[in-house]
Each structure stands twice: as structure tokens, then as C-alpha cells.
Amino acid sequence: MKNRESNILSFIFNNNGATLQKLLDTFKISKRTLYYDIESINHQIKGCGQIRRIGQKFACIGNYNALRKFISGAGPVDPYAAYSRQNYILGKILDEEPFTLEKLADEMGMSKNTCISDIEEIKRLLKGKGLSLRTKPQYSVLGNEIKIRELYLALMQENVDLISRISPRVVAFNQDQNLQLTDYSLGNLSVFLAFVSRRIAQRHFVQAEGDFAETEEFSYFHALSALIDTENLHEWQYLAAYIASLPSWNHQVDDSRIDRYVNRLIEKFESRTAITLESKEEFKENIKRHLLSSYYRIKFHFPVNNPCLSEINVQHGSLYKIVRSVVYENGKEFRELSNMSDEEIGYITAYFGGYLSGSRSNGVRRNRVLLVCPNGLMVSKTLKIQLYKYIPAVEVVDTIAMSSLPHYTGSYDYIISTIELPGYENVMVVNPILTKMDIQHIMNKLLDFSGFSYAYDVELLMNVIRQSADIFDEDQLRKNLSRLICPRLQENKEEKNPVLKDLIYGNRIQIIQHVENWQEAIRLAAQPLLDDHSIEPPYVDAMIESVNRFGPYIVLDDYFALPHAKPDGRVNRLAMSLLVVKEEVDLVGNPVNMFLVLATVDSSSHLDALANLSDILSDRENLQLFRKGDREEILDLLNRY
């Protein structure tokens, strides 16, 4: 890196950002030269961060620990990750800042052709969301107003400068209504309110429907005139819902209802996966705390970024499918939480994944975090609420000032701090407002996503490929790129877990006309596994006893049961067998035709097969094919999935 570029990077980093004029005056260079230098700097630091213009300042965002090491010359930069210019341009478009391609190219220090390419990419993004881009008389986004605002909210989540933009009227509103919003929430509300006010002034109104009417009962609803200048009822409902979705110290959610939801979620997960969760109360409290803070965000469908969703899908894809099916099933009883986005389900999956694979080692928790901040406890408290919002299964044991750290005697696994702490181990240095890279870095540590690095961007590679070639299967290409970039993921899986077709074959499928009762059905279904010594006779008794004790929890779907029990030394190998009974069998009040016996040896090797099963049963025609009981068609179905 050239000397001047190095000095510019250090200046921006050490001063927590700098205005354009400050940089021009300090380094005695032209605007064009500055942009060229910043583009060069970003190319060299990709993988640990970037310099981005946020508001009136140029700021560093990314993995601050890696950036510090790079500036000091102590650390290499991963060549894979990169930054996105499109979000910056899209932000200008949403704010309806007038610009031409020539001016944009000059401002960003890049060619006009690059700008055109970025605009085309933005058009494709908008089209995928049902929106369109108008280019004259100026660039603007057209379409459903709620979707436009969701797009703006998604961009806001990458803004690391929110706290500095807290509005006095938002602070006054928070105090008057005793909402106890965090600094992070006050910053979000201030910036979003400014955007909403501009949209209202331009006569762009939302059409809030359904559950939004509930917000009229919120304690602060009739005080919203202090925030927005409109009599439009839908706008009031929408803003009230957004405020409710923000992290607050004053939760107004029905605690008992969340408690019931989590209980049902865990019960359904255990019955669907044949896994009994240890320390269930502790696990339950972690998920409950997450849902208390995200309840209205989920209910009113406000967007949230999940930086680790692609990692979760690749490394815990089977678990994700199972959790998704359990969440949807739970939605029959809890409608307001039924339409979780993929990102929200990813967070719930990470809670389960953390317990099953990463965050427990020899019964010892590895997610106890101590927050240390040099600038008073408020920043630590802001970090704490973000951690509870974004990071599954984290336990913040304490928040302390840096001066108290040498005397701290409590127990913790990691320290999270906004500054370097020489002499202390297991320290993660992050920004006060967590960036995507910060979140990925923490999740990698706490949830043991050991096969992944937060320092690459598959989407960037996808964009490059799109510009040069037609892509016929984007999902498959994305997975292949992830595997290519992270071969360690494959190394960590010494052998592929079996799917249904690997476990159900030949004489493991039985088709009969009639049995006397469900107990006989389970014994008959398990017989092939007894014959090949996959299980011992006491395991069959244990499956029947479990139903007698806990009820028909093994009925997973219409006419479909999954008999299983704790292995407890009665299972010799992972195995499954299927019995189809043409005449329905009464299983404690549930008519059942299909009994799929599952014998497990651990908490994870059977999850791919169960995810397979979940995919198959999601198509009701497949369920009828099973009930029909044609062996060849069943085998063909299993092979197709």
C-alpha cells in the first residue's frame, strides 16, 4: 500500500471517520485523487473491511480487529471478500438524491461503464422484489410502498453511524412514553423516521392491513403526532408497529404466550427428530429471550439481516429444513409467529445447531460473554441488546468498564470489546454498532462454524459470473462456490450422513392389509431391524412405552408416525424401517397408515434423513403415494429425493 493510502486509512480509522473536506484539507489532494485512493485502499483491505461514505463521513466498517492488524502491518488480508457499491448507489436512489451517471462515476472514482453495470444489477434486485427503477426525470424506485421501506430498512442495517444521528424529538418521545428504547433503537428510529417523513411529504403512503390495526391499542399510539406530520391512519399504524419491533428494555409482549410457543416448539422438535434436549430450561430461556425481543418484528414482517444464513444452510441445511417445518407447524397454534422469514428461521436454527454441534463441549458451555467498553456502560448495554437480537445462544455474564477488567473475578469464555485488550485471551473486537462481519465473526466463535470464514462473499462472485455468463441454476452454483472456497467444510464431514434411500431398502419396507392395534404395528415395523441386529428387543418395548407414557407424540403428519425412543445401549447402528398398513390403525385417537421406525445412535447423524422425510411429506401427493403402499413407487420416490 502506498504511503499516502496507508495514512488515509489510518486517519479515517483512528478518528472514527472523517468528512470529505477534512480529508481533502489534511492530505492536500483533489476529490478525484481521494476517491481513487479510497478505491485502491478498499481493494487491498477487502476481506477485513472497507471504507464507505456514511452520511457526511467516510468511515471504516468490517472486522475491526483484522483492520487494526492490517494497519499495523501484522495481519494478511483474505483475497476473497469484497464490498458492494450497489448498496451505496441504491441508498442514493431511495433518498432520491439527483445524480447523473457521469457525476456518480466522478464521485465514486470509477468508470461510467461500471456505474451502468451497477445500475443494471440494482434493476434486477428490484425486479426480484416486485419493484422497478425509474430513471427520468431522476432515479427513483416505484412499487409497493411497504416493500420500498423494507428495502430501506435492510440498507439501514449496514449503517454503522446510526447512534450519531439520534434525533432530539425521538429522544423526547422515548422519555415521554417510557419506552426505554436502546441507543441502537433510537438511532434506527431517527434515521428511518427521516426517510418516512420524506416519503409522506411526497405523498407516498403505506396501506397497512391485518394485524397493524392492533397497534391502535399501544400505549404510545396517540402520541405519534410528535413524530410524523400526517393524519393518515395507516401511517400511524405502520410507525407504531415499527417502534414495537425495536429492541427495548421495556418488553410489552405477553410473556406467558411466548413461553407456551417455545414449549411447543421444543416438543415438536424433539418428536420430529427423536432428540431429547439436555438442559431444556436453559435452552428454553435462550430462545424465549430471543423471541421476546423479536416478537413484533416477526409479527409485522419487518426485515432483518442474518449474515450467517448461507453458512447455516450449507453446514446445517438438514437441521434448517426440520426447524422450518416445526416453525410452520407451530404456526397453526400461534398465527402471529407463523410467517417467519428465512432469516428469522435461520436464527432459531442456530440456537438448535449451537446446542447440538458447536456450543456444548463435554457438557461445558462455550458462549458466556463478558462485554468490556472504555466509554461507559451505555455502549456495552447497546452491544448487549444487539447480541441478544442477532447472536443465538449467547449469555452475557456482565457488562463492565475497561478500568474494572483487571479486578474482574467472574467466569466467562470470551470478551467482546470495542477496543484492543492486550494481555487478555479470547477477545473479539467489534464496532459499537455490529456490522455483518462482526456478527459473522462472533457467530463463528460461539456456534463453531469452523468450516467457514466471514472474509469471503459468494454473492460478489455470483455478480461477476452473471456479467459474463448465463446461470441456469443459481442455488446450485452458490452451493458449489461455497464448497470450493471453503474446502474445510468438506474435511470436517468425514463421511456424508445417510439419507432415506440409504436406510430404507429391500425387506425394510413391509406392506400389509391389517393389524390389531398400534402396539402390534410398531413391533411388526421394527422386525427387520431386529433381524439384522440394528436394534435389540428392549428398544421395541421402549418405543411402545414412550407412547403409553407421553401420548401420540410420534404422529408427525396425517396418517404418519415415527416410532422411536432413547437408544440407551439398545441401538447398534443408525437404522430405519417402514411399515404401511392399508387399513388405518388407531394410535391414541390418531388414524395412522405408515409407521417409520427410527433407531438413532447420536443427536445428528439421522438429521439428513429426517430432512429428506420433511421434504417428501411437504408434497401431499407423496403422502398419498406412501399410503397407497406400492413398494416400487415408494423406492422410486425415496431415490428421487
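State which residue is modelled with the lowest pLDDT when the search covers only the range 293-314 and only residues that are within 11 Å of the chain's Cα centre (by Cα) and assigned to a helix (DSSP H, G or I).
Result: Glu311.
I'd like to verify a number: residues in the range 232-250 that are surrounded by fewer than 15 Cβ atoms within 10 Å (Cβ to Cβ) and in contact (Cβ under 8 Å) with a residue 40 or more places away in the chain, how many?
Within the range 232-250, residues that are surrounded by fewer than 15 Cβ atoms within 10 Å (Cβ to Cβ) and in contact (Cβ under 8 Å) with a residue 40 or more places away in the chain number 2.
Under 9 Å between Cβ atoms, which residue pairs at least 6 apart in sequence (or on different chains) link something in the range 527-552 that is in the same structural domain as Asn507 (by TED's automatic domain parsing) and among the aromatic types (Phe, Trp, Tyr) with a partner that is loosely packed, with under 13 Cβ neighbours inside 10 Å and assigned to a helix (DSSP H, G or I)?
Short answer, once both residue conditions are applied: none.
Name the pairs whose Cβ atoms lie under 8 Å apart, with the first residue in the range 203-218 and touching a residue at least 40 places away in the same chain (Cβ under 8 Å) and at negative phi, the second of a type in the set (Phe, Trp, Tyr) and part of a loop (DSSP other than H, G, I, E, B), and 6 or more positions between them or separate chains?
Close Cβ pairs satisfying both conditions: Asp211/Phe300; Phe212/Phe300.
Of all residues in the range 80-90, which are at pLDDT 80 or above and farther than 20 Å from Leu34 by Cβ?
Within the range 80-90, Gln86, Asn87, Leu90 meet the criteria.
If you take the residues in the range 32-51 that are touching a residue at least 24 places away in the same chain (Cβ under 8 Å) and more than 13 Å from Leu67 (Cβ to Cβ), which one is surrounded by the fewest Cβ atoms within 10 Å (Cβ to Cβ)?
Selected residue: Arg32.
Could you tell me which numbered condition His301 fails, if it satisfies all but one of (1) surrounded by fewer than 22 Cβ atoms within 10 Å (Cβ to Cβ); (2) within 28 Å of Asp211 (Cβ to Cβ); (3) in contact with a Gly (Cβ under 8 Å, 6 or more places away or on another chain)?
Condition not satisfied by His301: (3).
What number of residues within the range 335-372 are over 16 Å from the mean Cα position of the chain (by Cα), at pLDDT 85 or above and crowded, with 17+ Cβ neighbours inside 10 Å?
5
Taking the residues in the range 97-119 that are at pLDDT below 85 and not in a helix (DSSP H, G or I) as candidates, determine which candidate is farthest from Leu20 (Cα to Cα).
Ser111
Part of a helix (DSSP H, G or I), more than 25 Å from Phe58 (Cβ to Cβ) and of a type in the set (Val, Ile, Thr): which single residue out of Ile148, Ile122 fits that description?
Residue meeting the stated conditions: Ile148.
Within the range 269-288, track down each residue that is under 30 Å from Leu500 (Cβ atoms), surrounded by fewer than 20 Cβ atoms within 10 Å (Cβ to Cβ) and in contact with a helix residue (DSSP H, G or I) (Cβ under 7 Å, 6 or more places away or on another chain).
If the condition is that a residue be under 30 Å from Leu500 (Cβ atoms), surrounded by fewer than 20 Cβ atoms within 10 Å (Cβ to Cβ) and in contact with a helix residue (DSSP H, G or I) (Cβ under 7 Å, 6 or more places away or on another chain), then Thr276, Leu277, Lys280, Phe283 are the ones that fit.
Within the range 562-614, how many residues turn out to be more than 28 Å from Glu516 (Cβ to Cβ) and touching a Phe, Trp or Tyr at 6+ places or on another chain (Cβ under 6 Å)?
Number of matching residues: 1.
Might you let me know whether the range 577-599 holds any residue that is in contact with a Lys or Arg (Cβ under 8 Å, 6 or more places away or on another chain), under 18 Å from Ala274 (Cα atoms) and either surrounded by fewer than 17 Cβ atoms within 10 Å (Cβ to Cβ) or of a type in the set (Asp, Glu) (or both)?
no
Scan the range 144-162 and tell me whether some residue there is in contact with a strand residue (DSSP E or B) (Cβ under 9 Å, 6 or more places away or on another chain), without any contact (Cβ under 8 Å) to a residue 12 or more places away in the chain and more than 13 Å from Ile433 (Cα to Cα).
No.
Would you mind finding the one in Ala213, Ala208, Ala240 that is small (Gly, Ala, Ser), assigned to a loop (DSSP other than H, G, I, E, B) and not assigned by TED's automatic domain parsing to the domain that holds Glu344?
Ala208
Check Ile228 against each of (1) assigned to a helix (DSSP H, G or I); (2) within 22 Å of Leu155 (Cβ to Cβ); (3) more than 24 Å from the chain's Cα centre (by Cα); (4) free of Cβ contacts under 8 Å to residues at least 40 places away in the same chain and name the one condition it does not meet.
(1)
Based on this model, can you work out whether Ser453 counts as modelled with pLDDT of 80 or more and in a loop (DSSP other than H, G, I, E, B)?
no
Give Val588, Val581, Val601 a once-over and let me know the one that is within 35 Å of the chain's Cα centre (by Cα) and either touching a residue at least 60 places away in the same chain (Cβ under 8 Å) or under 24 Å from Tyr320 (Cβ atoms) (or both).
Val601
Of the residues that make up the range 600-616, is at least one at pLDDT 90 or above and assigned to a strand (DSSP E or B)?
The answer is no, given that none of the residues of the range 600-616 is at pLDDT 90 or above and assigned to a strand (DSSP E or B).
The values are calculated or read from the model by the stated rules, or taken from the named source; none is laboratory data. Everything quoted here is computed from the prediction, not taken from an experiment. All Cβ positions, even for glycine, are placed from backbone atoms using ideal geometry, and neighbour counts span all protein chains on display.
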